[in-house]
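Below is one structure, written out as structure tokens; comments come after it.
The values are calculated or read from the model by the stated rules, or taken from the named source; none is laboratory data. Just so it is clear, the model here is predicted, and its values are computed rather than measured. Cβ atoms come from the backbone with ideal geometry, glycine included; neighbour counts cover every protein chain shown.
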Amino acid sequence: MPNTLAHVGVQVAISRALWRDAELRWISLGCVIPDLPWIAQRAITTLLPQIDPYEMRFYAVAQASLAVSLVACAGFALLSRRPRHVFLLLSVNAVLHLLLDALQTKWANGVHLFAPFSWTIWNAGWFWPESPWTWFLTALGLGAFAWLWRERPPVQVAPAPAIRRQRVLAVVALGVVYMAAPLVLRAGPEEADSHFARTLRDREVRAGRAVEFDREGLVVTDAGTFVRTLSGERIALVGAPVSGQPISIRGVFAARDQVRVSDWHDHSSWPR
């Protein structure tokens, strides 16, 4: 996915074209709402390594879908003085975020715009993460922050006590829905084999199945070249180049612990 600055560069321009008074803070929040599950997943799997990484992945995929992201948009909007306006602003930016993500070429990855009705991943694949387009959008985002940062209006919370209590209860309820919905919806990403997580988890039956890896570092030893899965398992690669930088891979399991590589793409070693 493009970095946050790239999202800001595009989404500030579109948001300001739609609403001249759109606040930078709300636009920026809308830019990151679909990424909150991935940020949380990385933190949780680091702090609690005993958690099943594949269950965590199914949960994050469901929570990052547009439908669940809109629940978060509603919760944050209730903290503003103009909840309808802010909800619309956040929702448009959540949609723009997912559409922009889908423009990049990301093997084993994509966005879910129509979940829970369809868990088919959508990815237009117009440019790679290290493409000049990504750098251009990043520079655009830096310019947007520099130009608009002077505004920095305080986040305003509804002041009336009665309204405040009602809204707090509503925010809590939406927070519960936001956290619980992925538990209800997790079967969708599992059945769709999102990110090839089910294929990688089901070790005994994955021979002959296609698989993809997104921006992984290879482990090169005297015994061969390996890629590391979510669970830390090493899978041998046949036909892969020796590369010290992130690489995306497509292939087929020739055996339970071996993938025959059919295509690959070397990525820049620079951070996204």
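Answer with yes or no whether Arg201 is at pLDDT 90 or above and touching a Lys or Arg at 6+ places or on another chain (Cβ under 7 Å).
On the way: at pLDDT 90 or above: yes; touching a Lys or Arg at 6+ places or on another chain (Cβ under 7 Å): no.
Against the criterion (at pLDDT 90 or above and touching a Lys or Arg at 6+ places or on another chain (Cβ under 7 Å)), Arg201 does not qualify.
May I ask you to list the residues in segment 166-193 that are of a type in the set (D, E, K, R) and at negative phi? Arg167, Arg186, Glu190, Glu191 - these are the residues of segment 166-193 that are of a type in the set (D, E, K, R) and at negative phi. Do we find a residue being at pLDDT 90 or above and assigned to a loop (DSSP other than H, G, I, E, B) anywhere in segment 129-144? No: segment 129-144 contains no residue that is at pLDDT 90 or above and assigned to a loop (DSSP other than H, G, I, E, B). I'm checking my understanding of the structure. Among residues of segment 67-121 that are assigned to a loop (DSSP other than H, G, I, E, B) and aliphatic (A, V, I, L, M), which one is nearest to Ala173 (Cα to Cα)? If we take residues in segment 67-121 being assigned to a loop (DSSP other than H, G, I, E, B) and aliphatic (A, V, I, L, M), then Leu78 is nearest to Ala173 (Cα to Cα). Within segment 157-174, is even one residue assigned to a helix (DSSP H, G or I), at pLDDT 90 or above and under 22 Å from the mean Cα position of the chain (by Cα)? Scanning segment 157-174 turns up at least one residue that is assigned to a helix (DSSP H, G or I), at pLDDT 90 or above and under 22 Å from the mean Cα position of the chain (by Cα). Only one of the numbered conditions (1) hydroxyl-bearing (Ser, Thr, Tyr); (2) within 15 Å of Ile121 (Cα to Cα); (3) surrounded by fewer than 15 Cβ atoms within 10 Å (Cβ to Cβ) is violated by Thr221, and that is (2). Just to be sure, is Leu47 without any contact (Cβ under 8 Å) to a residue 12 or more places away in the chain, closer than 25 Å to Arg186 by Cβ and assigned by TED's automatic domain parsing to the domain that holds Val8? Here the answer is yes, as Leu47 does meet what is asked. Filtering segment 1-33 to residues that are under 19 Å from Gly110 (Cα atoms) and outside any helix (DSSP H, G or I) leaves Met1, Pro2, Asn3.
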